[in-house]
Amino acid sequence: MDRVQLENRVAELNKLLHEYGHAYYVLDQPIVPDAIYDQLLHELIAIEEENPDLIFPDSPTRRVGGEILTGFNKVTHQYPMLSLGNAFNEEDLNDFDRRVRQVVGDQVTYVCELKIDGLAISLRYEDGLFVQGATRGNGTVGEDITENLKTVHSIPLRLKEPVSIEARGECYMPKRSFTNLNKMRAEKGDELFANPRNAAAGSLRQLDPKVAASRNLSTFIYAMGGNGEAYGLESHSEALDYMDHLGFQTNHERRKFTNMREVMAYIEEWTEQRPTLPYEIDGIVIKVDSYNQQEELGNTVKVPRWSIAYKFPAEEVVTTVLDIDLTV
Ligand code: NAD
């Protein structure tokens with residue numbers, strides 16, 4: 001590609017990714033499969049890495065998530081809610097492992113978790129009481145969806161200890177609830193949701209909490225906002241155990257490994273097991289366990305350097321809609 005062609009391609013990729021991002025994040029109605037979005041984003045990242053002068057200030061590679069919806073109060077996150085870097089194959093994972101070991105040395109423990117395909121949420125507790133729930137929004141400012149989140153049964157309204165804490169996790173719609181919801185919508189002639197992720201996002205961003213209450217949503221908490229050292233914790237896995245103890249629902253398929261061979265085996269296992277789960281996952285998240293090592297590695301503006309999301313190859317969107325058995 002010559003320079004002019006490259007500039008045109010960058011402009012085209014920015015335009016397409018903004019359009020697709022708006023449909024996905026704001027309207028909750030994606031117009032292309034995630035794999036297409038990810039492929040275009042990857043192409044843009046690769047061009048920008050080689051040509052930093054072609055980075056648009058509002059490039060989708062610089063931002064987390066979408067715009068903030070009107071109708072909800074805004075919440076400024078105490079700690080930014082970042083996205084995750086992506087890996088699509090073993091080579092990407094080995095590169096990640098190399099980068100990590102270059103900084104922290106050879107003694108690394110990774111926590112592998114299922115990547116739940118829902119909507120990121122932040123839950124704030126004061127003296128053990130649930131006081132505010134928010135979406136990720138643009139990573140810095142989210143939407144206040146406290147009333148909707150209070151309708152989700154797996155979110156404790158009071159913790160088992162009177163601590164002030166922020167929990168972060170994924171709110172999702174189980175597969176069965178999604179199928180039933182779309183079946184009911186089809187009967188009423190309403191537009192169908194493309195997948196459980198968009199159905200969960202659409203449900204949480206309703207102004208009437210009765211709608212969210214009727215949608216059978218659930219949650220998995222996967223992190224603590226800020227550093228768990230204030231609670232005497234030294235690692236991410238300890239934080240998850242503590243969150244469990246406080247009464248949150250965490251995902252118990254998480255495992256700890258010390259090398260990429262074991263991480264790959266876990267990924268292969270879940271690539272096979274994925275259809276048997278009652279909720280959608282779109283990959284595996286790999287996190288450096290030690291808080292000290294996480295701090296050494298730090299973050300970029302958009303993603304932590306101590307974590308990466310392995311994304312499963314495409315399935316979904318259109319097939320999910322077409323697979324609904326309307327006779328059930
Ligand atoms: P991401 O989905 O790649 O990863 C970050 C998110 O993973 C976090 O915000 C968190 O909510 C979630 N997550 C789930 N389980 C987790 C766990 N155990 N630990 C930590 N995080 C966990 O990044 P993103 O910035 O949310 O958005 C990109 C996603 O949205 C991609 O999957 C992309 O394909 C999709 N997208 C699709 C379209 C489209 O048009 N189809 C448009 C925009 C974005």
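Give segment 185-211 a look and list any residue that's surrounded by 22 or more Cβ atoms within 10 Å (Cβ to Cβ), over 16 Å from the mean Cα position of the chain (by Cα) and either part of a loop (DSSP other than H, G, I, E, B) or of a type in the set (Val, Ile, Thr) (or both), or say none. Result: 193, 194.
Of the residues that sit in segment 212-230 and are outside any loop (DSSP other than H, G, I, E, B) and more than 17 Å from residue 149 (Cα to Cα), which one is nearest to the ligand (Cβ to nearest atom)? Give the derivation first.
Pass one, segment 212-230, residues outside any loop (DSSP other than H, G, I, E, B): 212-213, 218-224, 228-230.
So of that shortlist, the ones also more than 17 Å from residue 149 (Cα to Cα) come out as 223-224, 228-230.
On the way: 223: 6, 224: 12, 228: 15, 229: 19, 230: 20 Å.
Here the answer is 223.
Of the residues making up segment 1-38, not one is surrounded by fewer than 14 Cβ atoms within 10 Å (Cβ to Cβ), modelled with pLDDT of 90 or more and not in a helix (DSSP H, G or I).
Residues of segment 78-90 include at least one that is within 29 Å of residue 314 (Cβ to Cβ), more than 11 Å from the ligand (Cβ to nearest atom) and in a helix (DSSP H, G or I). Would you tally the residues in segment 92-151 being within 11 Å of the ligand (Cβ to nearest atom) and of a type outside the set (Gly, Ala, Ser)? Of the residues in that region, 12 qualify.
Do we have residue 285 as under 30 Å from residue 103 (Cα atoms), β-branched (Val, Ile, Thr), surrounded by 13 or more Cβ atoms within 10 Å (Cβ to Cβ) and modelled with pLDDT of 95 or more here? For residue 285, the condition - under 30 Å from residue 103 (Cα atoms), β-branched (Val, Ile, Thr), surrounded by 13 or more Cβ atoms within 10 Å (Cβ to Cβ) and modelled with pLDDT of 95 or more - is met. Within the bounds of segment 44-61, is there any residue that is within 11 Å of the ligand (Cβ to nearest atom), in contact with a helix residue (DSSP H, G or I) (Cβ under 8 Å, 6 or more places away or on another chain), small (Gly, Ala, Ser) and at pLDDT below 95? Looking for residues that are within 11 Å of the ligand (Cβ to nearest atom), in contact with a helix residue (DSSP H, G or I) (Cβ under 8 Å, 6 or more places away or on another chain), small (Gly, Ala, Ser) and at pLDDT below 95, one finds none in segment 44-61, hence no.
The values are calculated or read from the model by the stated rules, or taken from the named source; none is laboratory data. Since we're looking at a predicted model, the values are computed, not measured. So basically every Cβ, Gly included, is an ideal-geometry build from the backbone, and we count neighbours across all protein chains shown.
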